[in-house]
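Read the structure below first, then the notes.
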Amino acid sequence: MAPLRFSANLSWLFPELSGFPARLRAAGSSGFEAAEIGWPYAEPPEALARAAREAGLRVVLINTPSGDREKGENGLGAVPGRQAAFREGLEQAVLYAKALGCSRIHLMAGRVPKGADRAVVRGEMETVFLENLRHAAEVLAQENLVGLLEPINTRITDPRYFLDTPQQAAAILQKVGRPNLQLQMDLFHWQIMDGNLTGNVREFLPIVGHVQVAQVPGRGEPNSPGELNFSYLFQLLEDEGYTGFVGCEYQPRGEGGLSLAPGGTVSDRGCLPPHGLRCLAPRSHQETP
């Protein structure tokens, strides 16, 4: 039973630093062995790859492009009429993934069109999503990459997001039936939408390719005040045999927005791994102080 491995989500952590190269350096200095970047596309892939190498980090996850942010897009995979843009974005994501040595790409589903009734457009959007996912699976297989589907909660974070429960995502994955498409388990979203985390972790973990964590409801660090018991959840993931990375996708606390100041400790910097999550990790893997 291997101990959990953590990756720094640099779209959220180290907000005091400008640019992903600086955040990669900070993550490496803080003891992370891996990083994930939601949307790396504002910076050249070569520069990011060089910064990751210099920081001693693996990049383990990126997202497909979000689309036109000014028009309110948040992914394109299930959006009718945007199939060509999704495929163009997929090609860009593959280019970045190859440059970064990143094996997993989150294939963002996108939002229900503004003003549309979710129940009315659900069938059409699922048809579009299935078509795009089959195409993505073929493209990714050529590069030995894995595509991930992440349900995002529609109660707090994104009320119009199409894919919002693990059950919906698992059903879509079953319909596509491609082994290089898997589920992305974000415990923050899953708790808000469905709860029953023990049952859902056990049921869906066999098709999970990546895990992310944040406390509920504030989306802070795992040890911040909230309703999730991460000591239990981390132990559960280990007991169930999860061997992938756990992404730290949360809003860090700290004066001035600092995630982890030089010399910061668990108590004053909110439990960033590998320093802080030792206090939440299974007892057998805690180190002697």
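Taken together, the values in this text are just the output of simple stated rules run on the coordinates, not laboratory data. As the structure is a prediction and not an experimental result, all values here were calculated from the model. Here the Cβ positions follow ideal geometry from the backbone for every residue, glycine too, while neighbour counts run over all protein chains shown.
What size of dipole, in debye to the nearest 20, comes out for the range 1-119 about its Cα centre when the only charges are +1 on Lys and Arg C-beta atoms and -1 on Asp and Glu C-beta atoms? The partial results should precede the final answer.
Values: 15 positive and 12 negative charges, 43 e Å.
Dipole size: approximately 200 debye.
Can you give the direction-averaged projected area of the convex hull of the alpha-carbon atoms in the chain, in nm²?
Values: hull surface 58.5 nm².
Hull-based average projected area comes out at 14.6 nm².
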Of Gln251, Gln142, Gln235, the one that fluctuates the most in a GNM where the chain has Cα springs shorter than 10 Å: Gln142
For the range 56-105, the spread of Cα positions along each principal axis, largest first, Å: 39, 18, 14
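Between Asp194 and Thr127, what's the calculated FRET efficiency when r is the beta-carbon distance and R0 is 22 Å? Round to 0.05. Intermediate results must be reported in sequence, preceding the final value.
Details: r = 24 Å, r/R0 = 1.11.
That pair, Asp194 with Thr127, gives E of 0.35.
When the convex hull of the C-alpha atoms of the range 42-197 is computed, what volume per residue in Å³ does it have? Display every interim value, and only then the final one.
On the way: hull volume 19.3 nm³, N = 156.
Here the figure is 124 Å³ per residue.
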The chain: relative contact order as a whole-number percent, Cα under 8 Å and 6+ apart: 19
Cβ-derived FRET efficiency at R0 45 Å, Ala47 paired with Arg155, nearest 0.05: 0.75
Spherically averaged projected area of the range 31-134 from its Cα convex hull (nm²): 7.4
Fraction of beta bridges assigned by DSSP in the chain that are antiparallel (%, nearest 5): 5
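Quickly rank 41-49, 147-155 as a protection proxy: mean count of other C-beta atoms within 10 Å, highest first. Display every interim value, and only then the final one.
Values: 41-49: 15.6, 147-155: 21.4.
Packing proxy ranking, top to bottom: 147-155, 41-49.
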Point-charge dipole on Cβ atoms (K/R +1, D/E -1) for the range 67-113, about Cα centre, debye to 20: 120
Value of Rg/Rh across the range 1-51 [Cα atoms, Kirkwood radius]: 1.00
Net +/- balance of residues flanking Pro159 in space, Cβ distance below 14 Å, scoring K and R +1, D and E -1: +2
Rounded Å value of the spacing that divides the Cα centres of the range 107-155 and the range 31-48: 23
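How much mean residue ellipticity at 222 nm does the chain get from its helices, if each DSSP H run of length 4 or more adds -39500 (n - 2.57) and you divide by all residues, to the nearest 500 deg cm²/dmol? Spell out each step's value before the answer.
Numbers: 9 runs with 104 residues, N = 289.
After summing the helix terms and dividing by residue count, I get -11000 deg cm²/dmol.
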Dipole of the range 45-159 [Lys/Arg +1, Asp/Glu -1 at C-beta], most positive-end residue of Val59, Leu107, Val79: Val59
Percentage relative contact order, the range 158-257, counting C-alpha pairs under 8 Å, at least six apart: 24
